[in-house]
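Participant: Next up is a structure, given as structure tokens.
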Amino acid sequence: MPMLNGAGLFSLSGGLAWHMRALRHRKGWSQFIAAVNWWLGTWNHGCKGLLLLGPSAGWCLQGSFLAGFQRIHAIDLDPLAPAFFKRLHGSDLGRVGTTLTWERGDFFERLDDLLRLYPGHAILFTNVLGQHALHQREPGRAESDLKALATRLLGRQWASFHDRLSGTWPTGRPIPPAFRLEKAEEATVLAARVAGQGEWIDHLTTHVLPDNCKRIVMPWPITPGKLHWIEAGHVA
Ligand SMILES: C[S@@+](CC[C@H](N)C(=O)[O-])C[C@H]1O[C@@H](n2cnc3c(N)ncnc32)[C@H](O)[C@@H]1O
């Protein structure tokens, strides 16, 4: 297996710390999880199989979405992801007979092979592309990898929900509603619209989705006092 850029069990984007965080805070994510899964329900992919990229345990996914597929192949760096995923979603998938297979690896490196091996599968990036910059030492590499994705995926049904911005949000301050965008919005423009005061992290995902792709932007109060803005869109 190629070296995984420090990701895996102890990772900046997943692993043990992510599972602990999800176990502790997931109750507070119910509106976000409902919004993500509502949006997934609007995805007319027409596919029986799904490639699930970076799903971790699927803490933000619902069994009702996953059980709509006959076959799911998942890939994640985290060796704990399959066991947690099975615990959360195993019974929903078992009830409808969905086949679930896993591999441990880096989907950026494996993408071309996966597309060839699973030609009829829809592809879902599960809140992972916004963390790509955490795994890259080379300046500019993350942004260029992300920008190149839409071309690599040409002709496929794919979707992504990913971080756009993250920052502090005073506890008790109302969480703003989700909203739609007709096309890509630069991070500075988005920040002026949603971020309020303080410093916000740009997750470099402005050009993940093709520029003319319609999308929704959803607030995710990940922990008390911290808010992420998640963009979601599907591409035919
Ligand atoms: C924030 S978690 C995803 C959360 C997920 N949507 C959920 O509902 O739990 C990000 C996951 O992506 C994985 N990951 C990050 N970069 C990856 C890569 N290049 N290839 C495979 N997995 C990756 C991490 O190991 C982690 O499990």
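Participant: Could you grab me the full set of residues in the range 44-55 that are more than 12 Å from the chain's Cα centre (by Cα) and either open to solvent by less than 10 Å² (accessible area, probe 1.4 Å) or within 13 Å of the ligand (Cβ to nearest atom) (or both)?
Facilitator: Once the filter is applied, which keeps residues that are more than 12 Å from the chain's Cα centre (by Cα) and either open to solvent by less than 10 Å² (accessible area, probe 1.4 Å) or within 13 Å of the ligand (Cβ to nearest atom) (or both), the range 44-55 yields GLY49, LEU50, LEU51.
Residue-wise test of (1) buried (at least 18 other Cβ atoms within 10 Å of the Cβ); (2) within 13 Å of the ligand (Cβ to nearest atom); (3) modelled with pLDDT under 95; (4) small (Gly, Ala, Ser).
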{"position": "PRO2", "(1), (2), (3), (4)": "no, yes, yes, no"}
{"position": "GLY15", "(1), (2), (3), (4)": "yes, yes, yes, yes"}
{"position": "TRP18", "(1), (2), (3), (4)": "yes, yes, yes, no"}
{"position": "ARG21", "(1), (2), (3), (4)": "no, yes, yes, no"}
{"position": "PHE32", "(1), (2), (3), (4)": "yes, yes, no, no"}
{"position": "THR42", "(1), (2), (3), (4)": "no, no, no, no"}
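Participant: OK, next. Which residues, taken from the range 108-119, are near the ligand (Cβ under 10 Å from one of its atoms) and either within 23 Å of ILE201 (Cα to Cα) or open to solvent by 20 Å² or more (accessible area, probe 1.4 Å) (or both)?
Facilitator: Once the filter is applied, which keeps residues that are near the ligand (Cβ under 10 Å from one of its atoms) and either within 23 Å of ILE201 (Cα to Cα) or open to solvent by 20 Å² or more (accessible area, probe 1.4 Å) (or both), the range 108-119 yields PHE108, GLU109, ARG110.
Participant: Within the group ALA150, ALA122, which residue is among the small types (Gly, Ala, Ser), away from the ligand (no atom under 15 Å from the Cβ) and within 27 Å of ILE201 (Cα to Cα)?
Facilitator: ALA150
Participant: Right, another one. I'm told THR126 meets every condition in (1) touching a Pro at 6+ places or on another chain (Cβ under 6 Å); (2) of a type in the set (S, T, N, Q); (3) surrounded by fewer than 19 Cβ atoms within 10 Å (Cβ to Cβ) except one. Can you identify the failing condition by its number?
Facilitator: The number of the failed condition is (3).
Participant: Please tell me if HIS234 is assigned to a loop (DSSP other than H, G, I, E, B), closer than 15 Å to LEU129 by Cβ and open to solvent by 20 Å² or more (accessible area, probe 1.4 Å).
Facilitator: Against the criterion (assigned to a loop (DSSP other than H, G, I, E, B), closer than 15 Å to LEU129 by Cβ and open to solvent by 20 Å² or more (accessible area, probe 1.4 Å)), HIS234 does not qualify.
Participant: Can I ask one more? Pick out, from the range 147-222, the strands (runs of 3 or more DSSP E) lying fully within it that include 3 or more residues that are open to solvent by less than 80 Å² (accessible area, probe 1.4 Å).
Facilitator: By residue number, 158-168.
Participant: From PHE69, PHE85, grab the single residue that is touching a strand residue (DSSP E or B) at 6+ places or on another chain (Cβ under 9 Å) and away from the ligand (no atom under 15 Å from the Cβ).
Facilitator: Testing whether each residue is touching a strand residue (DSSP E or B) at 6+ places or on another chain (Cβ under 9 Å) and away from the ligand (no atom under 15 Å from the Cβ) leaves just PHE69.
Participant: Assess whether GLY58 counts as being at pLDDT 95 or above, surrounded by 14 or more Cβ atoms within 10 Å (Cβ to Cβ), within 23 Å of GLN31 (Cα to Cα) and more than 9 Å from the ligand (Cβ to nearest atom).
Facilitator: Judged against the criteria, GLY58 is not a match.
Participant: Hey, another quick one. Given the criteria within 14 Å of the ligand (Cβ to nearest atom) and open to solvent by 50 Å² or more (accessible area, probe 1.4 Å), does ALA133 qualify?
Facilitator: Judged against the criteria, ALA133 is not a match.
Participant: Now for a separate question. Working only within the range 80-103, note down all residues that are loosely packed, with under 15 Cβ neighbours inside 10 Å and either over 24 Å from LEU16 (Cα atoms) or under 18 Å from the mean Cα position of the chain (by Cα) (or both).
Facilitator: GLY94, ARG95, VAL96, GLY97, THR99, GLU103
The values are calculated or read from the model by the stated rules, or taken from the named source; none is laboratory data. No experiment lies behind these values; they were computed from the predicted model shown. With ideal geometry, Cβ positions are generated from the backbone for all residues, glycine too; neighbour counts draw on all protein chains shown. Ligands, DNA and RNA are excluded from the accessible area calculation, which covers all protein heavy atoms including side chains. Shrake-Rupley method; radii C 1.70, N 1.55, O 1.52, S 1.80 Å.
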